[in-house]
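Below: one structure, written as structure tokens.
The values are calculated or read from the model by the stated rules, or taken from the named source; none is laboratory data. Being a predicted model, the structure only gives us computed values, none of them experimental. Ideal geometry is used to build each Cβ from the backbone, glycine not excepted, and the neighbour counts take in all protein chains shown. The accessibility values were calculated without ligands, DNA or RNA, using every heavy atom of the protein model including side chains. Shrake-Rupley method; radii C 1.70, N 1.55, O 1.52, S 1.80 Å.
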Protein chains: 2
Amino acid sequence: MTADAANTRLASQVAFLTDADKLKTILRRTPLTDNSRPENSAEHSWHLALAAMVLHEYAPRGTNLQRVLELVTIHDLVEIDAGDTFAYDVQAGLDKADREQAAADRIFGLLPRDAAVRARALWEEFEANESAEARFANALDRFQALLQNLQAGGGSWMVHHVTRAQVVQRMKPIEATLPALWPFVLEVIQNACEKGHITD
Amino acid sequence: MTADAANTRLASQVAFLTDADKLKTILRRTPLTDNSRPENSAEHSWHLALAAMVLHEYAPRGTNLQRVLELVTIHDLVEIDAGDTFAYDVQAGLDKADREQAAADRIFGLLPRDAAVRARALWEEFEANESAEARFANALDRFQALLQNLQAGGGSWMVHHVTRAQVVQRMKPIEATLPALWPFVLEVIQNACEKGHITD
């Protein structure tokens with residue numbers, strides 16, 4: 001590689017990392033556990049990486065932890081342009097895919113071509129939810145939101161009057177991928193219903 | 001494992017992940033790139049993971065990316081109790097090690113014993129800065145702060161009247177571990193000096 005090409009490559013990578021900073025300003029519906037403010041998508045992604053490390057022992061044997069860490073680190077980047085779509089918002093879900101594809105074009109397109117292809121493939125793998133790693137990452141995404149709402153005393157379940165059936169449906173990927181966690185999830189939901197944090 | 005032991009194990013892991021949420025409230029001196037607010041240590045850790053993925057090609061051959069991702073995900077957890085120690089604060093640096101050891105005892109101690117040992121070993125590896133992975137992670141930690149201050153128009157360099165010699169010293173690990181990035185770092189520092197963002 002010439003010195004010029006190397007400089008251009010590094011400049012692209014720096015531009016991407018600089019743009020990525022905006023994910024810290026994208027707010028989710030789930031609050032911090034102390035309910036002091038909404039969680040942002042960057043710190044949420046970090047929390048998923050930590051959860052992946054701690055809960056990896058419950059994932060199906062052979063689930064590659066490095067791949068999972070890469071998936072969760074990159075999974076929400078498109079929200080920089082597309083925004084966070086609330087899991088229980090059916091209307092916003094309708095054009096979510098289109099908005100996110102356009103976002104992926106721009107954001108991953110900041111990287112050098114080969115790196116852009118790799119990063120986009122990771123995002124698409126997470127979205128497709130087919131590989132063992134993507135299924136684990138998606139299950140963690142659901143589980144982390146459950147813990148946030150549990151600790152915050154209802155969180156987005158309360159604010160948006162989410163029903164038991166909706167939460168059970170949303171948490172279903174945990175039952176298939178992390179069956180050891182499912183009784184705990186059902187217990188959290190049951191308790192939240194009894195406290196009126198989830199609409200029964 | 002008995003059902004009781006399994007429940008206890010999961011409860012410990014959930015307690016750890018819940019406590020970890022507090023890292024989102026620990027503020028650093030570096031601002032977001034738009035200078036709108038200080039960055040917190042959780043979103044900073046996510047940014048390092050992303051930087052590790054993007055800049056891994058510049059790390060010495062054989063640097064294990066999974067290990068790096070684990071190191072950066074866990075490296076700041078002790079700040080939950082010990083707070084963020086500003087890199088250029090000599091006074092606060094004096095008892096940093098003691099404060100962080102006590103924090104590590106409590107925070108990693110929330111995990112089941114085997115997991116606590118593994119997590120603490122990761123933190124100690126990052127701190128020791130000896131393995132290839134720890135050196136890469138530490139260099140990224142310096143580089144990310146440089147990018148934040150650069151984009152924010154001076155950031156913590158300006159607010160705390162940091163000098164060129166201090167910044168060059170702080171960035172030195174990049175020269176050794178990511179030499180391909182060093183000319184860019186020196187250029188950023190030179191430009192920041194010319195703009196008065198770093199005290200020359």
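Rounded to whole Å, the principal axis extents of the Cα atoms in chain B read 65, 36, 30, largest first. Projected over all directions and averaged, the alpha-carbon convex hull of segment B:87-200 occupies 8.1 nm². Remark: label point of A:ALA3 defined 7 Å out from Cα along the Cα-Cβ vector; separations to the same position in other copies 7.1 nm, ascending. Geometric descriptor of segment B:30-149, per residue, is 109 Å³ (volume of the convex hull of the Cα atoms). Over all residues in A:50-59, what is the mean tally of Cβ atoms on other chains that come within 10 Å of each residue's Cβ? For peptide A:50-59, the averaged partner shielding equals 6.
Counts of other chain beta carbons within 10 angstrom of each beta carbon in peptide B:145-157 average 1.
When the trypsin sites (Lys or Arg not before Pro) in segment A:37-115 are filtered for DSSP coil states and for at most 15 other beta-carbon atoms within 10 Å of their beta-carbon, the remaining sites are A:ARG61. Qualifying GluC sites (Glu not before Pro) in segment A:4-113, where qualification requires a DSSP coil assignment and no more than 16 other C-beta atoms within 10 Å, are lacking entirely. Take every pair of alpha-carbon atoms less than 8 Å apart whose residues are at least six positions apart; their mean separation over the length of chain A yields a relative contact order of 24 percent. Relative to the compact-globule estimate of 2.2 N^0.38 Å, the Cα radius of gyration of segment A:153-200 comes out at 1.10.
Of the GluC sites (Glu not before Pro) found in segment A:121-157, those in coil by DSSP whose Cβ has at most 15 other Cβ atoms within 10 Å are A:GLU130.
Of all complete DSSP H helices in chain B, those with a Cα span along the helix axis of 15 Å or greater and a mean Kyte-Doolittle hydropathy of -1.0 or more are B:3-20, B:41-55, B:96-108, B:113-128, B:132-151, B:164-177, B:182-194. In this structure B:HIS47 has an accessible area near 10 Å², from a 1.4 Å probe over the protein heavy atoms. Per residue, the protein assembly as shown reaches -20500 deg cm²/dmol at 222 nm when only DSSP H runs of four or more residues are counted, each adding -39500 (n - 2.57). Within the protein assembly as shown, the percentage of alpha carbon pairs spaced more than 29 angstrom apart rounds to 43%. The percentage of C-alpha pairs in segment A:90-153 whose separation is greater than 20 Å is 48%. Considering only the Cα atoms of segment B:46-85, their convex hull presents on average a projected area of 3.2 nm². Across peptide A:60-73, the mean count of Cβ atoms from other chains lying within 10 Å of each residue's own Cβ comes to 3.
In terms of its alpha-carbon gyration tensor, segment A:1-89 comes out oblate; a/c meets the 1.5 threshold, while b/c is at least as large as a/b.
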